[in-house]
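Right, one structure below, let's go through it.
The values are calculated or read from the model by the stated rules, or taken from the named source; none is laboratory data. Everything quoted here is computed from the prediction, not taken from an experiment. A quick note on method: Cβ atoms are made from the backbone with ideal geometry, for glycine too, and the neighbour counts reach across all protein chains shown. With ligands, DNA and RNA removed, areas are computed over all heavy atoms of the protein, side chains included. Shrake-Rupley method; radii C 1.70, N 1.55, O 1.52, S 1.80 Å.
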Amino acid sequence: MSLLSRLANALRPSRLNRDIDEELEAHIQDAIEAGRDPEEARRAFGSVLRHRESSRDLRLATWLEALLADLTFGWRQLNKHRAASLAAVLSLGLAIGACLAAFRLIDALLLRPLPVTNPQSLVYLTYPYIDNLATVQYDGEIFDYPQFRILKTAAQPYAELLAITGTSLNALSFGGEEDRERIHRQMLSGTTLGSFGIQPALGRLLTAADDQPNASPVAILSYEYWTRRFQRDPSILGRKFRYGTTLVEIVGVTQPGFTGTEPGAMTDIFAPTASNAKALDNPHWGWFRVWARLRDGVTPEQLRDALQPAFRANREQRIKNNPNDDAHRREQYLNAKLAVHTAASGVSDMQREYRIAMLVVGAVAALVLLIACANAASLMTARSVARAREMALRVSIGAGRARLVQLVLCEAFLVAVAASLVGALVAWQAAPMVVARLQPSGAPARFLLPLDARVAIFALALLVLVVLLFGCIPAVRASRTAPAAALRTGAQPARLGVLHALVAFQVALCFVIHLTTGLFTTTAQRLTTQPLGFQPQQVLAVEAVSRLGNKDRGWQPVIRQLAQLPGVESVGLSGWPLMSNNAWTSPVWVNGNALGSEECYVLFASPGFFETMRIALLQGRDFRISDDKASVIVNQAFARRYFDGANPVGQFVELPGDGKRERMAVTGLVADARYTGLREPIRPTVYLPIDSEGAGLDWGTYNIRTTAPDPMAVSSAVRNEIRRANPKLRAANVHRQTELVEQHSVRERLLALLSVFFAATALLMAALGLFGVLTYAVTQRRKEIGIRLALGSTAFAITRSVTASTGRMLLLGAIAGLGAGLLAQRYLESLLFETAATDPAVLAMPLLALLSGTLLACLPPVVRALRIDPATTLREE
């Protein structure tokens, strides 16, 4: 028979048996019809059972029949021991779900290729640059457009260079001013989408002609935004929206699946880089990344070598016009080397910020999975010892060792399949929940998390791995059953070495997870309790822009109108909110000398800004409406650095102006306040005054302290009042100041939250494993414990007898876990954090967790041992 027929027969055994019986009976009937006596015909035919079995072996795949039989028996065993099976399924399911969720996030952020043609040929360029902390960085949107033109010409024989910005949250309107909405916008070279092989779902794509300075403003929509916002209405073509003061025409929609080049963000609208007209000829404005599509046969190294001479020549020309930098910075600037990196999976700031954090989450989830597998393995091993007589009988009647291994692995497979279904449900809910906590203020992360073939393949591989991890030990142990001893005694002697080793392994991993959790939680606590220098509670930051799209007057008068609103305590104007990731840095000269290469922060501020933000004025006075740019206020860090901590009021400093230095008098000293982050030290800061009309501003921020606990309660009134007080201004973005502060600790708080969950799960699983081993040990030693109690052993002696060997393995696992955990801590600190590994708060968590988990796990088995009735036990034996 064909293989397919034999496989089909294995799946329908009843029909096969019926067909064989009918065939055998037909042979007998043929003999009877030929004139033979029925009894004689049946005797001559022989054993019907033997003929049936030989015929079955020819007509079906015996290995499949045996496999199905073992799966059926395994299901019966799981159903027989429901409590233990349910515990194994739930613990494994939770761990598998954590691993699946971690993979979905890591895949979406770091691994999944862009849905473009030949993504392996996409690369992007970086070079080392000195940031505003005077440290060297290698990534970011750092290229300016004049430099891009030079590099694009030099790269022509090797690659097509593309300018691509990050995805930013912007406001636009498809109707009137009241219909404004916030969308995610990305600018790119006109040829980018064509180079990527993207096809339009509607209309056309951007072209090189759209990317010219005088071209008509156009944009295209992403398919996802077109579907969500316009329900795939084809009449969207030709429709215009207002962006700032510009009317932009929609000319097309991208193909499904393409949502931009930044993992962690989904672009709604694509616009040509020429739409940022102010930056096209500005050599000091770095605002995009340079991508490249390598031509056939060109390597990244060849492209780098071809671009480096043009890159250096451009810098040599620029440095002639910038005599202010010191010699060291000039040398670093000239000797910077271009680097080429793969862009097959996209490029984003979120990748850089969360790469290590996501990998750490994945590693912790894998440790939890190992604990769950060890826990399930200990349960199955204990069960296999209890089934020693059954295994001995199977061997005695001819079952091979391989068949015993298959029997146990089939049971493990059923547990793993059930756990995988639970894990799929966990992963389906967990991954979006984690994404929702990434960058919650203003611009939350947005991922595509499809349940596609990549996730299915990973889930299948994880299923096989889980079966092997927790099924092999009990399977091998079952295959080593000694039939004679098992049949003679009814069970094998209790040998707990394997179970104790599994418990020690769980404890060691649990220690590593808890030490890591201690590091994460302590780091999050330290970061979120950093002194800010101002009070963010009850402060509303309202970012406003000029409707005219250019520098406008009339910012200051709005302050008086806003201060009169009900629920408003005070108002101050600044260039942008504190802790908003915006920054302006500048060199400063004192007595004609620039002290060091590190630049100072600079921020425009109005009278009342320091009072509103609760930044203490220590010396001198606040700004006055009559002040001009010849006066400044500095912070304590500035005084310490430039004046050796002396009172700087009345001194003079110089800042770069229009081609020359501008001399300014220090009129006030304020307390240190954080400008843009929690991880850096508070930097020297110079506050510049905003004049009486606010002239020279095209955008700014009204900082409003309210009397209400939630400052958002006045947001609607504030928007309306800004529009009423100055129709040339509009409120673009509104944030709670606390949200702007909290966004700087999202990564640490997320890691702390996830690690606490994993630590609690690991502790519960390790405690269940210890409970199972001790319970099994008490059951196996029931007669011995009864005799000890009959002879007068104390409760302490019985407790020590039950827990002594397990306690030694716990101590061994704790020591191993402590060493491994401290190594893991030191490695993570070098990558992410600044918390010392010897912090008592970090070390106390795993010790307390181990102690509490051990007590909870040991108490029920010990109580069970102490309640054994010696007379009943001896009578049973």
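The criterion of at least 1 residues that are in contact with a Gly (Cβ under 7 Å, 6 or more places away or on another chain) and within 27 Å of ARG437 (Cα to Cα) is met, among helices (runs of 4 or more DSSP H) falling completely within region 700-780, by 746-780.
Reported count of residues in region 161-218, each being under 17 Å from GLU141 (Cα atoms) and of a type in the set (A, V, I, L, M), is 7.
Kindly indicate whether ARG749 is under 30 Å from ARG180 (Cα atoms), of a type in the set (Lys, Arg) and open to solvent by 40 Å² or more (accessible area, probe 1.4 Å). Here the answer is no, as ARG749 does not meet what is asked. Here are GLU316, GLU301: which of them is over 30 Å from LEU109 (Cα atoms), in a helix (DSSP H, G or I) and out of contact with any Ser or Thr (no Cβ under 8 Å at 6 or more places or on another chain)? The match here is GLU316. The set of residues in region 697-722 that are in contact with a helix residue (DSSP H, G or I) (Cβ under 8 Å, 6 or more places away or on another chain) and surrounded by 18 or more Cβ atoms within 10 Å (Cβ to Cβ) comprises TYR702, ASN703, ILE704, ARG705, THR706, PRO711, VAL718, GLU721, ILE722. Within region 677-687, how many residues are open to solvent by less than 20 Å² (accessible area, probe 1.4 Å) and out of contact with any His (no Cβ under 7 Å at 6 or more places or on another chain)? Residues meeting the conditions: 5. The criterion of at least 3 residues that are open to solvent by 20 Å² or more (accessible area, probe 1.4 Å) and over 21 Å from THR273 (Cβ atoms) is met by none of the strands (runs of 3 or more DSSP E) falling completely within region 205-263.
Taking ALA760 as the residue in question, decide whether it is closer than 22 Å to LEU379 by Cβ, assigned by TED's automatic domain parsing to the domain that holds PHE511 and among the aliphatic types (A, V, I, L, M). Criteria met by ALA760.
Do we have ALA171 as in contact with a Pro (Cβ under 9 Å, 6 or more places away or on another chain) and either within 25 Å of ARG330 (Cα to Cα) or at pLDDT below 95 (or both) here? The answer is no for ALA171. The one condition from (1) of a type in the set (Ser, Thr, Tyr); (2) open to solvent by 30 Å² or more (accessible area, probe 1.4 Å); (3) assigned to a helix (DSSP H, G or I) that SER195 does not meet is (2). Residues that are surrounded by 16 or more Cβ atoms within 10 Å (Cβ to Cβ), within 30 Å of ARG318 (Cβ to Cβ), among the small types (Gly, Ala, Ser) and at pLDDT below 95 occur in region 267-277; there is at least one. Remark: pairs (first residue in region 610-627, in the same structural domain as GLN651 (by TED's automatic domain parsing); second residue hydroxyl-bearing (Ser, Thr, Tyr) and assigned to a loop (DSSP other than H, G, I, E, B); Cβ separation under 6 Å; 6+ apart in sequence or on different chains) = ILE625/SER692. For first residues located in region 564-588 and without any contact (Cβ under 8 Å) to a residue 40 or more places away in the chain, partners that are open to solvent by less than 10 Å² (accessible area, probe 1.4 Å) and not in a loop (DSSP other than H, G, I, E, B) and lie 6+ apart or on another chain with Cβ distances below 8 Å form the pairs TRP584/TYR601; TRP584/VAL602; TRP584/LEU603.
Could you list all residues from region 198-218 that are closer than 16 Å to PHE174 by Cα and in contact with a Ser or Thr (Cβ under 8 Å, 6 or more places away or on another chain)? PRO217, the sole residue that qualifies.
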